[in-house]
Amino acid sequence: MNDTLQTINALRSIHGNFSEKELSQEELNQILKASMKTANASARQSYAIIVLDDRKEMRELFGYQGSRALVYCVDFNRIGQTADRLGHAYDSENIIGFITGTTDTILAAQTAVIAAASLGIDSLITNGLHRNSLDNVYKSLNLPQTSCFPLITVVLGYADEEPASQKGRLSPEFIVHYGKYKLPDNSALDRIIAEYDDPQKHIGLSDAWEKQGFRHYLDWYYTKWEGLPPKEKKIDGKIKEFQDRLVKSGFWWPENNTKEYQY
Ligand SMILES: Cc1cc2nc3c(=O)[nH]c(=O)nc-3n(C[C@H](O)[C@H](O)[C@H](O)COP(=O)(O)O)c2cc1C
């Protein structure tokens, strides 16, 4: 296996907090540079990266802390403002722009993870920000109300302790479809369930499901991790908060709503 594949194969998330050891500015610069090297649609680099170094702030914002945190936001403000500056009309504020921008943003975040690992720096990808109030996140990070959405955070640092095991993944046969998509049949479903149950694979989030009396890991997952599905499908709670925020950001237009340009 070459060095790149070895680095990728050795990836593992650090779920607890990181040690007090700090990254150097040089290492951070290298990670950021690599991250921004990632492919991006229409050469827009439709993201902003907010670098945090205050551990208390990190903990308050998304529940973890490390030497640095990179908050990756989908962001069309820069490209919109340059249009404005040059006297052009420009609009990527819609669901298509959001999906494309999200793609740029996530790819850049994962590249940061790989670059960090190549330097011996550990990481955690977390959507902890989304468990916070989004209004609070926008306020704390001074995010523009429109054309910007905080997508994902990469926490960087050095592991306090090694995870008990490296997480496995489902076999490619369940994920990769050659030529055409194929829904799994019952036999494949049973094999997927068995892979989650396999104590050697560590695919699931917890190994404690058996001790808690569950027959399968996925029984634990659907009841304990996901909780009961709501009786009525309603737009409330976090779903409403996200939808409202996407409307506010301009990425989602409610029906019959015309939009005004505002950079
Ligand atoms: C979108 C996303 C959000 C995640 N959020 C969290 C999180 O909030 N807390 C956490 O401990 N791990 C989080 N993770 C890490 C996953 O739990 C982890 O990638 C998965 O269990 C597989 O483990 P591995 O990365 O060590 O292979 C997140 C990963 C992704 C991609």
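The values are calculated or read from the model by the stated rules, or taken from the named source; none is laboratory data. These numbers come from a predicted model, not from an experiment. Every residue, glycine among them, receives a Cβ derived from its backbone with ideal geometry; neighbour counts consider all protein chains shown. Remember, those area values only see protein heavy atoms, side chains included, never the ligands or the DNA or RNA. Shrake-Rupley method; radii C 1.70, N 1.55, O 1.52, S 1.80 Å.
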Criterion: within 17 Å of ALA43 (Cβ to Cβ), away from the ligand (no atom under 16 Å from the Cβ) and assigned to a helix (DSSP H, G or I) - qualifying residue of ALA108, ALA83:
ALA83
Can you name the residue in region 111-124 that is away from the ligand (no atom under 11 Å from the Cβ) and open to solvent by less than 30 Å² (accessible area, probe 1.4 Å) and is also nearest to the chain's Cα centre (by Cα) among such residues?
ALA112
Going through region 201-236 in order, the residues found to be of a type in the set (Lys, Arg) and in a loop (DSSP other than H, G, I, E, B) are LYS201, LYS211, ARG215, LYS231, LYS233, LYS234
Would you pick out the residues in region 156-209 that are hydroxyl-bearing (Ser, Thr, Tyr) and over 30 Å from PHE18 (Cα atoms)?
SER171, TYR178, TYR181, SER187
List every residue pair whose Cβ atoms sit under 8 Å apart, with the two residues 6 or more apart in sequence or on different chains, where the first one lies in region 195-211 and is touching a residue at least 12 places away in the same chain (Cβ under 8 Å) and the second, anywhere, is of a type in the set (Val, Ile, Thr) and open to solvent by less than 40 Å² (accessible area, probe 1.4 Å).
GLU195/ILE203; TYR196/ILE203
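Out of the residues in region 125-140 meeting the condition of being open to solvent by less than 20 Å² (accessible area, probe 1.4 Å) and assigned to a helix (DSSP H, G or I), tell me which one is nearest to the ligand (Cβ to nearest atom).
Among those residues, the one meeting the criterion is GLY128.
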Taking the conditions exactly as written (of a type in the set (A, V, I, L, M, F, W, C) and under 15 Å from THR126 (Cα atoms)), does LEU70 satisfy them or not?
yes
Of the conditions (1) modelled with pLDDT under 95; (2) outside any loop (DSSP other than H, G, I, E, B), MET1 clears all except one; give me its number.
(2)
